[in-house]
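Working notes for the structure below.
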Amino acid sequence: MPLRLATGRTGVCLSLLLPLTIALLPGCAAPPAPGGSGVSAAQPLRAATAPQDVAWLNRLTWGASASSLAEWQRLGRERWLQAQLQPGPVAPLPAAVHARIDAMAISRTPLPELARSLEAQRKQLDSIADDAQKQAARQAYQQQLNGLAREAASRMLLRAIYSPQQLREQMTWFWFNHFNVHQGKHALRAAVGDYEEQLRTHALGRFRDLLRASALHPAMLLYLDNAQNAAGHLNENYARELLELHTLGVDGGYGQGDVQALARVLTGLGVRLNDETPRVRPALQPSLWQQGLVLFHPGRHDFGDKQLLGETVRGTGMPEIGQVLDRLARHPSTARFVSRRIAQYFVADVPPPALVERMSRRFQQTDGDIAQVLRTMVDSPEFAASLGHQFKDPLHYVVSAVRLAYDDQPVLSTAPLLHWLNQLGETPYNHPTPDGYPLEQAAWAGPGQMNTRFEIARAIGAGSAGLFRAEGAPPPERLPPPQLASPLYREGIAPALAPATRQTLAQAGSPSEWNALLLASPEFMHR
């Protein structure tokens, strides 16, 4: 029995899409993108066309929308790009979206207060004698943690959909994935929102500030077990990932001895979930350091000298940690590794080596200024030639579909979005291993993934899909399908569609079917 993409008088069979889906399978080329391929970054906007504008927007934002295209064309490419690379401190959001974010517990309560309250609640569980009461209290504790994680994911999605500072929001997701933590470990569900917010603050700043924000956050120290790392009882987990995944890369020129030396440097750096002053010998009292929940306990630190990457690190306590983080952030291997990861995210699964080299040089010239590294990438002919060919991971697919379908209409419930992302395997904060979600097309272009995307395309194309029903509210009357056959489509999207896609769209029997086919097309699967 054929899989139906949409309901209606006749329906549209999956067989209509089979010619289109071939290009989505791993190893196949992306569909041609007449509006994006070969556009020179130096070309003035007055020579650009709407399809070219949409191709640029699809890469530099979470997905083109009518309002984003209007802003792009009002400012021009250069002014728009400068505003993205150097955004103001506050991104104006729709009033309803801003109010929702402000009302969240993660927005109203600082992390130390939130975490200490939860820790006290957890400890009280042991004092409850009645089994039924203990079970109820344990469920309440877990539900509170789940609610905080849902708030963080909802805030991230709302910003991705509505923030005009689209490049900052893309880079925030990129950096969280780069410095990945998993919400399922310990009580990290309470901390992921604050962790993401700290990375977001530095998303377009200098890499060394990002590295420090990650290294000095309780989420990272708990996730990779550095809170258990003490002199005489080394735990190398964080040290190893700090070298392999966060800075130098697996081929960055370090060995096991460097991992052990870095683990020694990081001894004593942990987390304190209560507000009691730790007991420290008077001689070590000046070396005690605390910031929020993060504590450097000198009594747990190895003050001996270390040999790291061929240089001596004197045992000075907390200052040596800062010194080593700066050294790693400025290492040439870090410049190459991070530049390659950024180019992989924005340009190609296997980015051109010449482009990575230019980005790496710019990284070193600017002391790791991420905005300037991005500018080097965006100004390159390799970037322009790649437009329309980068396969969307699930998060880009879902958010871009909602942006195209509903533009700036405020979503009242992010539950459908989170459900779709869970089905597609890319739920926020839920990748269990430190390497983060994969960036390559092969990870996301299998037949099962495509079938699920078709179902999501059908849900969004048929109506609101529950996005505009507040949680707990009764279902509204069925809303009409979104108007995807809009001026944005006619001027910016249609000219870039392949003949097979246009032929398939012409066979749609209703607006909802037409919407589903467009959102399931090969062109929409790419950015």
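For the stretch 191-206, putting each phi into the Karplus relation 6.51 cos²θ - 1.76 cosθ + 1.60 with θ = phi - 60° gives couplings of 9, 5, x, 5, 4, 4, 5, 5, 5, 4, 4, 10, 4, 10, x, 8 Hz, in residue order, rounded to whole numbers and with x for Gly and Pro.
Working from Cα pairs under 8 Å separated by at least six residues, relative contact order for the chain is 24 percent.
The stretch 47-86 and the stretch 503-520 have Cα centres separated by 26 Å.
Diffusion coefficient of the stretch 325-400 by Stokes-Einstein, Kirkwood radius over Cα pairs, 20 °C, 1.002 mPa s: 167 µm²/s.
Roll a 1.4 angstrom probe over the protein heavy atoms and tell me the percent of accessible area of the stretch 360-463 that is carbon or sulfur.
Using a 1.4 Å probe with all protein chains present, the stretch 360-463 comes out at 52 percent carbon and sulfur.
Note on Thr49: accessible area approximately 60 square angstrom, rounded to 10, probe 1.4 Å, nucleic acids and ligands left out. Once Rg and the Kirkwood radius are both taken over the C-alpha atoms of the stretch 382-424, their ratio Rg/Rh works out to 1.09. Per residue, the convex hull spanned by the Cα atoms of the stretch 225-265 amounts to 58 cubic angstrom. Under the convention that each Lys and Arg Cβ holds +1 and each Asp and Glu Cβ holds -1, the size of the dipole of the stretch 278-383 around its Cα centre is about 260 debye.
What percentage of all Cα-Cα pairs in the stretch 336-470 are separated by more than 26 Å? Every Cα pair in the stretch 336-470 considered, those over 26 Å come to 38 percent. Counting only Cα atoms, the stretch 117-247 measures 52, 47, 18 Å along its principal axes, largest extent leading. What base-10 log of the normalised intensity I(q)/I(0) is obtained for the stretch 197-352 from the Debye formula, alpha carbons as equal point scatterers, at q = 0.18 Å⁻¹? Listed by q, the Debye log ratios stand at -1.10. Solvent-accessible area per residue in the chain equals 41 Å², computed with a 1.4 angstrom probe and all protein chains kept.
Over the stretch 428-527, the hull volume per residue, using the convex hull of the C-alpha atoms, is 152 Å³. Helix 256-265 and the long axis of the chain differ in direction by around 70°, with both axes built from C-alpha atoms. What would the Debye formula give as log10 I(q)/I(0) at q = 0.12 Å⁻¹ for the alpha-carbon point model of the chain, no solvent? Results for the chain at q = 0.12 Å⁻¹ read -1.16.
How many times 2.2 N^0.38 Å is the alpha carbon radius of gyration of the stretch 101-165?
Cα Rg divided by the expected 2.2 N^0.38 Å: 1.42.
The value obtained for the stretch 128-202, namely the Cα convex hull volume divided by the number of residues, is 81 Å³ per residue. Evaluate the Kirkwood expression for the hydrodynamic radius of the stretch 272-426, namely the inverse of the mean inverse distance over all pairs of different C-alpha atoms, and round to one decimal in Å. Its Kirkwood hydrodynamic radius stands at 20.1 Å. What shape does the stretch 185-225 take by its C-alpha gyration tensor, where a ≥ b ≥ c are the square roots of the eigenvalues and a/c under 1.5 counts as rounded, a/b above b/c as prolate, and the rest as oblate? It is oblate, given that a/c is not under 1.5 and a/b is not larger than b/c.
Between the helical axis of 131-162 and the longest alpha-carbon principal axis of the chain there is an angle of about 60 degrees. With contributions of -39500 (n - 2.57) from each DSSP H run of at least four residues, the per-residue ellipticity at 222 nm computed over the chain stands at -14500 deg cm²/dmol. Highest mean packing comes first when the peptides 501-507, 58-64 are listed by Cβ atoms within 10 Å, giving 58-64, 501-507. Measuring spread by the Cα atoms of the stretch 293-347 yields a radius of gyration and Dmax of 15.2, 47 Å. Against the main long axis of the alpha-carbon atoms of the chain, helix 50-60 sits at an angle near 20°. Note on surface exposure: Arg116, Arg336, Arg200 rank Arg336, Arg116, Arg200 by accessible area, highest first, 1.4 Å probe.
The values are calculated or read from the model by the stated rules, or taken from the named source; none is laboratory data. Keep in mind it's a predicted model, so treat the numbers as computed, not measured. Cβ: placed from backbone, ideal geometry, glycine included. Neighbour counts: every protein chain shown. When the accessible area is computed, the model is the full protein with side chains, heavy atoms only, and any ligands, DNA or RNA have been set aside. Shrake-Rupley method; radii C 1.70, N 1.55, O 1.52, S 1.80 Å.
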